[in-house]
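**Student:** Got a structure for you, written out below as structure tokens; questions coming shortly.
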Amino acid sequence: MKSKKKILAVLSGFGILIMVLVLYAFKTDSSIDEGYVSQPPWENLQVLPKDISKDSLIHLMKNYAASLGVKCNYCHMPNQLDPKKLDFASDTKIEKKIARGMIKMTDEINETYFKPHFPDPKPKQVYVANCVLCHRGTANPKNYLSDMGLMYNTYESDESEKDKG
Ligand code: HEC
Ligand code: HEC
């Protein structure tokens, strides 16, 4: 009897899991399998280390997506042979090319302006500037940057002159 109950409990547990998975599948774009990534060697890395592990690469990519508030297909286009998968190596999308420049820029900011100024012993990696620093969950920070005009109004440029007497 007891084991029957256990089996029932396990089965209903599976039922709930499957329901959640089905709901999730409907919520996201189910036509594209964004989770499908083949193994290294990578075909077309131009700024990231060519021998980067799959775990590290996926970690970075998820970070880019979250920082910009987008999914993988914002930068990667569907595979021509199998449209259910993404063609990660393809450079067709302009967003991917812009992102490549952004990765370079972010690396340069860290290398030039942060790393040299950290006291010794330096941490192995000093990554202070990253995508979310500027993007804050939007693909194009232009929108909230334009609101900065409102901030400037609160700055009294006369103040410093007055201090000088
Ligand atoms: C903001 C743009 C952007 C997003 C979003 C993004 N990627 Fe990328 N991805 C890139 C860029 C740029 C490269 C190439 C980097 C280089 O040249 O070193 C790349 C390369 C890759 C590669 C290596 C392909 C190869 O063989 O050359 C894989 C795999 C990959 N991305 C998977 C993903 C996955 C999975 C996601 C979603 C979790 C994702 N990407 C989201 C921009 C993005
Ligand atoms: C120093 C600030 C800054 C950092 C850091 C930064 N970005 Fe950007 N990014 C911008 C700004 C500003 C724009 C909008 C430029 C414009 O449209 O005039 C932009 C635009 C983009 C675009 C094009 C969006 C569009 O709508 O055309 C992509 C893609 C992008 N960034 C990806 C990234 C990724 C990936 C990273 C991290 C590796 C990153 N950015 C880091 C400031 C930054």
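**Student:** Does Asp82 fit the bill of being among the charged types (D, E, K, R), open to solvent by less than 70 Å² (accessible area, probe 1.4 Å) and either in a helix (DSSP H, G or I) or modelled with pLDDT of 95 or more (or both)? Break it down stepwise before answering.
**Tutor:** On the way: among the charged types (D, E, K, R): yes; open to solvent by less than 70 Å² (accessible area, probe 1.4 Å): yes; either in a helix (DSSP H, G or I) or modelled with pLDDT of 95 or more (or both): no.
For Asp82, the condition - among the charged types (D, E, K, R), open to solvent by less than 70 Å² (accessible area, probe 1.4 Å) and either in a helix (DSSP H, G or I) or modelled with pLDDT of 95 or more (or both) - is not met.
**Student:** Kindly indicate the residue of the stretch 119-143 that is near ligand 2 (Cβ under 6 Å from one of its atoms) and without any contact (Cβ under 8 Å) to a residue 12 or more places away in the chain and also surrounded by the fewest Cβ atoms within 10 Å (Cβ to Cβ) among those meeting that condition.
**Tutor:** Top of the filtered list is Lys142.
**Student:** A follow-up question, please. Go through (1) open to solvent by 90 Å² or more (accessible area, probe 1.4 Å); (2) closer than 18 Å to Val37 by Cβ; (3) not aromatic (Phe, Trp, Tyr) for Lys97 and report which single condition fails.
**Tutor:** Of everything listed in (1) open to solvent by 90 Å² or more (accessible area, probe 1.4 Å); (2) closer than 18 Å to Val37 by Cβ; (3) not aromatic (Phe, Trp, Tyr), Lys97 misses just condition (2).
**Student:** In the stretch 43-79, how many residues are farther than 20 Å from Cys134 by Cβ, assigned to a helix (DSSP H, G or I) and of a type in the set (A, V, I, L, M)?
**Tutor:** Selection size over the stretch 43-79: 2.
**Student:** Do we find that Ala66 is near ligand 2 (Cβ under 10 Å from one of its atoms) and either open to solvent by 60 Å² or more (accessible area, probe 1.4 Å) or at pLDDT 95 or above (or both) in this structure?
**Tutor:** Answer is no for this residue.
**Student:** Is it the case that Asn153 is exposed (fewer than 11 other Cβ atoms within 10 Å of the Cβ), of a type in the set (S, T, N, Q), at pLDDT below 95 and away from ligand 2 (no atom under 11 Å from the Cβ)?
**Tutor:** The answer is yes for Asn153.
The values are calculated or read from the model by the stated rules, or taken from the named source; none is laboratory data. All values derive from a computational prediction rather than experimental measurement. With ideal geometry, Cβ positions are generated from the backbone for all residues, glycine too; neighbour counts draw on all protein chains shown. In case anyone asks, the SASA skips ligands and DNA or RNA and just uses the protein heavy atoms, side chains included. Shrake-Rupley method; radii C 1.70, N 1.55, O 1.52, S 1.80 Å.
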